[in-house]
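Input: a single structure, listed below in structure tokens.
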Amino acid sequence: MRIKLGIRGHDIPGAPFESIEEFIKGYKQFDLDYLQLVYKKAFRNFEMEPHFLLKLAEELKNNDIRVAMIGAYFNMIHPDDWKRLDGMVYFEQCMETAKVFDCELVGSETGSANGDKWTYNPYNHTEEAFHRVESTTATLRAYGKEFGARPIIEGAYAHTIYTPDQLKKLTDAAFITDVTIDVFNYLNIDNYRQADEIFDRSLELFGDMIRVFHIKDFNVVDGKLVQCGIGKGIMNWKQYIPRIIRECPEAVLILEGVTGEDIQPSIEYIRSFENE
């Protein structure tokens, strides 16, 4: 079975790109089928211009590149209401354009009261912050119905949705049907040894609601979690990948934050599980 494997467009060497042709060339040097597309980060001086998006969609299809998710990450509890609303409008614009790419999913994390820093703030883990996120995601879900698009939500320890159980609380409350699981996002220096439990709990709670897995690896260096190439760290991918193949066969694995010389060996490592 071929693993549904992709990468964020802005992690491709050379990003952000000046042209669609350069973007396609950069992507095609790797053995991948899928893409997490973040317009603003993949292309230099990007503007939401219909002709460009139609041309991009055409070229992606011509090259058998599938868009698993359009990334429109914004801070849902940003203390600056104008920035929060601006992010929400952009997310809605991405939902309007998703169908051009035969894509149904537009993704975001939930954010932090620290604004542009997206770092931990005690307020992030309060009920008030949760209800603000719930209201926002419910609004986006309702908006996307007209365009055949759905929000796909991702948790992170420093943010409002800081555990798999909090993510389940949100999906139940806001009627969200799609999630991204990034085990690394839930980790910090105090809980990183619980990665297996977080992975297990995510599969238990969400099953085929998991449409995207963000694939990261890490080591502990000077008391900090530092990302590295897949298979070069302490994340238990030898256990996780076979379970994803068995239990979430339709999910797409997206390399996130894997860059430069780490990309090719990371792809080879993941592909090695296809014949097991």
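The values are calculated or read from the model by the stated rules, or taken from the named source; none is laboratory data. On a predicted model such as this, the values are computed, not experimentally measured, just so you know. FYI the Cβ positions are ideal-geometry reconstructions off the backbone, even for glycines, and counts take in every protein chain you see.
Key figures
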| quantity | calculated |
| --- | --- |
| Set MET69, MET95: member being over 22 Å from ARG132 (Cβ atoms), buried (at least 24 other Cβ atoms within 10 Å of the Cβ) and modelled with pLDDT of 95 or more | MET69 |
| Single residue of ILE161, ILE153 found to be in contact with a Gly (Cβ under 6 Å, 6 or more places away or on another chain) and crowded, with 22+ Cβ neighbours inside 10 Å | ILE161 |
| Among (1) of a type outside the set (Ser, Thr, Tyr); (2) closer than 21 Å to TYR73 by Cα; (3) modelled with pLDDT under 95 - the single one PHE184 does not satisfy | (3) |
| Residues that are outside any loop (DSSP other than H, G, I, E, B) and more than 23 Å from MET69 (Cα to Cα), drawn from the range 205-234 | PHE218, ASN219, VAL220, VAL221, LYS224, LEU225, VAL226, CYS228 |
| Filtered residue count, the range 112-155, keeping only those that are touching a strand residue (DSSP E or B) at 6+ places or on another chain (Cβ under 7 Å) and part of a helix (DSSP H, G or I) | 4 |
| Pairs with Cβ under 8 Å, 6+ apart, first in the range 196-212 and free of Cβ contacts under 8 Å to residues at least 12 places away in the same chain and crowded, with 19+ Cβ neighbours inside 10 Å, second β-branched (Val, Ile, Thr) and part of a helix (DSSP H, G or I) | none |
| Top-ranked residue in the range 1-19 [being surrounded by fewer than 17 Cβ atoms within 10 Å (Cβ to Cβ) and in contact with a helix residue (DSSP H, G or I) (Cβ under 9 Å, 6 or more places away or on another chain); ranked as farthest from ARG246 (Cα to Cα)] | GLY14 |
| Near pairs, Cβ below 6 angstrom, 6+ apart or cross-chain, from the range 71-85 (in contact (Cβ under 8 Å) with a residue 40 or more places away in the chain) to any residue that is of a type in the set (Phe, Trp, Tyr) and part of a loop (DSSP other than H, G, I, E, B) | none |
| Test: residue in the range 49-60 that is assigned to a loop (DSSP other than H, G, I, E, B), in contact with a strand residue (DSSP E or B) (Cβ under 9 Å, 6 or more places away or on another chain) and either modelled with pLDDT of 95 or more or farther than 30 Å from THR119 by Cβ (or both) | no |
| All positions within the range 61-89 that are part of a helix (DSSP H, G or I) and either of a type in the set (D, E, K, R) or touching a helix residue (DSSP H, G or I) at 6+ places or on another chain (Cβ under 7 Å) (or both) | LYS61, ASP81, LYS83, ARG84, ASP86, MET88 |
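Yes/no matrix, rows are residues, columns are (1) at pLDDT 95 or above; (2) touching a Leu at 6+ places or on another chain (Cβ under 8 Å); (3) under 20 Å from ASP31 (Cβ atoms):
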site: ILE215; (1), (2), (3): yes, yes, yes
site: ASP222; (1), (2), (3): yes, no, no
site: TRP237; (1), (2), (3): yes, no, yes
site: ARG246; (1), (2), (3): yes, no, no
site: ALA251; (1), (2), (3): yes, no, yes
site: GLY257; (1), (2), (3): yes, no, yes
site: GLY260; (1), (2), (3): yes, no, yes
site: ILE263; (1), (2), (3): yes, yes, yes
site: ASN275; (1), (2), (3): no, no, yes
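Residue-by-condition table, conditions (1) under 20 Å from MET69 (Cα atoms); (2) assigned to a helix (DSSP H, G or I); (3) touching a Leu at 6+ places or on another chain (Cβ under 6 Å):
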{"position": "TYR157", "(1), (2), (3)": "no, no, no"}
{"position": "ILE161", "(1), (2), (3)": "yes, no, yes"}
{"position": "GLN166", "(1), (2), (3)": "no, yes, no"}
{"position": "ASP172", "(1), (2), (3)": "no, yes, no"}
{"position": "THR180", "(1), (2), (3)": "yes, no, no"}
{"position": "ARG193", "(1), (2), (3)": "no, yes, no"}
{"position": "ASP196", "(1), (2), (3)": "no, yes, no"}
{"position": "ASP200", "(1), (2), (3)": "no, yes, no"}
